[in-house]
1. Residue by residue through region 24-73, note down the ones that are in contact with a Lys or Arg (Cβ under 7 Å, 6 or more places away or on another chain), buried (at least 17 other Cβ atoms within 10 Å of the Cβ) and either β-branched (V, I, T) or not in a helix (DSSP H, G or I) (or both).
2. In region 105-121, which residues are in contact with a Leu (Cβ under 6 Å, 6 or more places away or on another chain), in a strand (DSSP E or B) and open to solvent by 20 Å² or more (accessible area, probe 1.4 Å)?
3. Confirm whether I84 is touching a His at 6+ places or on another chain (Cβ under 8 Å), of a type in the set (V, I, T), surrounded by 14 or more Cβ atoms within 10 Å (Cβ to Cβ) and assigned to a strand (DSSP E or B).
4. Quick test for you: out of A102, A130, pick the one residue that is under 17 Å from the mean Cα position of the chain (by Cα), farther than 24 Å from L226 by Cα and open to solvent by less than 10 Å² (accessible area, probe 1.4 Å).
5. Within region 122-136, which residues are in contact (Cβ under 8 Å) with a residue 60 or more places away in the chain and either hydrophobic (A, V, I, L, M, F, W, C) or assigned to a loop (DSSP other than H, G, I, E, B) (or both)?
6. Kindly check whether there is at least one residue in region 12-19 that is part of a loop (DSSP other than H, G, I, E, B), farther than 15 Å from A125 by Cα, out of contact with any His (no Cβ under 6 Å at 6 or more places or on another chain) and modelled with pLDDT of 95 or more.
7. For region 253-285, give me each residue that is of a type in the set (D, E, K, R) and open to solvent by 50 Å² or more (accessible area, probe 1.4 Å).
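The values are calculated or read from the model by the stated rules, or taken from the named source; none is laboratory data. In this text the structure is predicted, and so the values were computed from the model without any measurement. Backbone-built Cβ (ideal geometry, glycine too); neighbour counts: all protein chains shown. Note: areas computed on protein heavy atoms with side chains; ligands, DNA, RNA excluded. Shrake-Rupley method; radii C 1.70, N 1.55, O 1.52, S 1.80 Å.
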Amino acid sequence: MTKTILAAAAATIVATGAFAEGSMSNKEIVGAFLGAVLQGDADTMRELANPDYIQHNPFIPTGLEPFIELLPVLAEAGTTAENIRMFEDGNYVFMHNIWRNAAPFGADEMVSFDIIRVDENGKVAEHWDALQPLVAETASGRTQTDGPTEVADLDKTEENKALAVALIEDVLMGRDPAKITEYISAESYAQHNPMIADGLDGIIAAVEALTAQNNMFVYTEIHAVLGEGNFVLTVSEGEWSGQTHAFYDLFRMDGGMIVEHWDVIQPVPTEGLANTNGMFTGFDN
């Protein structure tokens, strides 16, 4: 969804009263909320979200009204968002977004994963995210966001979530790294991390390079696992370059194997925090 589409969705909701009637899906609620944010439409935001909206982005105040007070900053910068992928798992909607004119977030162009919890009353209640700058050139030649977007294999959601957890626990947490070939396809593995080439060979080369620099990242805890069909997003905490990081990994599965990977890696700040909610708290799975 572009800014225009998101804004149109928000306007339609206000005009038709769809939100008041409770006829919207969680994806529609979240898309309309993001559209209202981009349009600076505080009234629609108040219609869609709770006053005590919980914010886990460490640089944005918690609560809806303090968030609304920041809208002029986005308007002045001309910040826009392009939604690349949107998925739903229960009361969580998780998105893969590109932000442009995004200096308020740290760089002119940013890629993010955003997670929004919609409560039992259909209200936007809580938000988590991680962002990193977009880069022009990647090791694989792919972008950080291109590739398939359509959901398939809805009956395999739980199986695919378990596959993602097993990969992280065995390979990235070091329980049994040799099992990597049981999880990642040796025939076709598309890599969107800008520093890693395609295929198992790309992963192995990246690990060898980081290990030689004594700078291999280590995952320490999985905080959330969200999935819809053949797509699974994991939110993990770990250490890299002597600092705690948030690791958001989106996997695409096919035939019981992981065939594609996107990620966003963000250092967890300890200074200049706008709230004390933490980047990992609040998930119920």
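1. Within region 24-73, A49 is the sole residue that qualifies.
2. Initial filter on region 105-121 (in contact with a Leu (Cβ under 6 Å, 6 or more places away or on another chain)): 105, 109-112.
Then drop every residue that is not in a strand (DSSP E or B), which leaves 109-112.
Residue satisfying the conditions is E109 alone.
3. Details: touching a His at 6+ places or on another chain (Cβ under 8 Å): yes; of a type in the set (V, I, T): yes; surrounded by 14 or more Cβ atoms within 10 Å (Cβ to Cβ): yes; assigned to a strand (DSSP E or B): yes.
So I84 passes the test.
4. Numbers: A130 fails: farther than 24 Å from L226 by Cα.
Selected residue: A102, the only one of A102, A130 that is under 17 Å from the mean Cα position of the chain (by Cα), farther than 24 Å from L226 by Cα and open to solvent by less than 10 Å² (accessible area, probe 1.4 Å).
5. Within region 122-136, the first condition is being in contact (Cβ under 8 Å) with a residue 60 or more places away in the chain, and the residues that meet it are 122-132.
Selection gives G122, K123, V124, A125, W128, A130, L131.
6. Checking region 12-19: not a single residue is part of a loop (DSSP other than H, G, I, E, B), farther than 15 Å from A125 by Cα, out of contact with any His (no Cβ under 6 Å at 6 or more places or on another chain) and modelled with pLDDT of 95 or more.
7. Keep residues of region 253-285 that are of a type in the set (D, E, K, R), which gives 254, 260, 263, 271, 284.
Those that are of a type in the set (D, E, K, R) and open to solvent by 50 Å² or more (accessible area, probe 1.4 Å): D254, E271, D284.
Yes/no per residue for (1) touching a Gly at 6+ places or on another chain (Cβ under 8 Å); (2) at positive phi:
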position	(1), (2)
A49	no, no
D52	yes, no
N57	no, no
G63	no, yes
I68	no, no
P72	yes, no
A75	yes, no
